[in-house]
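Take a look at the structure below.
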Amino acid sequence: MSQHQEQGTRKRGGFGLLKFYLSQKIIKILLILVVVAVVIFGVRKTFFTESKTTKLGFEDIGELATQCAYTTEVGVQEGSRELFGIQIPFTQSKYIYSMDFEIKAGIDFGDIDWDLKDKIIEVRLPEARILSSEMKQDSFQVYHEEESIFRQIRLEEINDGFEDMQKQAEKDAVSNGLLENAKSNAETILKEFFAKEYDLKEYKITFREK
């Protein structure tokens, strides 16, 4: 082998060792970067999960109806013509009818606050309130119908009568415990939520209004 060939072989051998050394360094650096990336993204994912667990998904629920009441209201519409404060005969119109109403009540779960201290979970609830009031139009029934051509019941009067019936239906539902039952049922739902994260044999839940 000539001197030039021998020098070329040495150079190639030295270059090969350098490539091997550099490739090993690059692999080590890449492994370190992968480990760092896994740690960073892993911590972020864990933090996000814990944050959602702490909220227990209450904000995702929003307003939730926890109690529903059904009432039947009777309405009376009367009208007649008068002269000097005296009702004129044969001018009286009168309707007696009924309508069913569905009243739903609940709380805004997104407005719930709670704290954990010494294995006592204190939950602060917003007030229960009526969320919807719906007339069941297919339940409409007329019991008495008397109409005079001299004094007909106007559409505005009928609409006002329905509004009065709806307000009365809400009052009747509330007076029969609608809001109290809505609050009680909300507490039951919340206990089920907390039971998924905490052993209620070890933790105590207390409720109070905000």
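Read-outs: derived from the displayed coordinates by stated rules, not from any lab. Predicted, not measured: the structure shown is a model, and the values here were computed from it. All Cβ positions, even for glycine, are placed from backbone atoms using ideal geometry, and neighbour counts span all protein chains on display.
The table for this structure:
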{"quantity": "Simple Cβ-charge dipole of region 87-202, Lys/Arg +1 and Asp/Glu -1, about Cα centre, in debye nearest 20", "calculated": "160"}
{"quantity": "Listed residue (G161, T71, M99) projecting farthest to the positive dipole end of region 64-193, Cβ model", "calculated": "T71"}
{"quantity": "Local net charge near Q141, Cβ-Cβ under 13 Å (Lys/Arg +1, Asp/Glu -1)", "calculated": "-3"}
{"quantity": "For D113, D138, D100, order by how many other beta-carbon atoms lie within 10 Å, fewest first", "calculated": "D138, D113, D100"}
{"quantity": "Per-residue Cβ neighbour rank within 10 angstrom, fewest leading, V76, V174, V123", "calculated": "V76, V174, V123"}
{"quantity": "Debye-sum result for region 110-183 in log10 I(q)/I(0), which assumes one identical scatterer on each alpha carbon, at q = 0.12, 0.13, 0.22, 0.27 Å⁻¹", "calculated": "-0.59, -0.65, -1.10, -1.28"}
{"quantity": "Residue exposure sequence - I121, I158 - by fewest surrounding Cβ within 10 Å", "calculated": "I158, I121"}
{"quantity": "Karplus 3J(HN,Hα) series, Hz, for region 170-186 with 6.51 cos²θ - 1.76 cosθ + 1.60 (x for Gly, Pro)", "calculated": "5, 4, 5, 5, 5, 5, 9, x, 4, 5, 4, 5, 4, 5, 4, 5, 5"}
{"quantity": "Span from the region 87-134 Cα centroid across to the region 164-203 one, whole angstrom", "calculated": "11"}
{"quantity": "Cα gyration tensor, region 171-210 - rounded (a/c under 1.5), prolate or oblate", "calculated": "prolate"}
{"quantity": "Rg [Å, one decimal], Dmax [Å, integer] - region 74-208, C-alpha atoms", "calculated": "24.4, 78"}
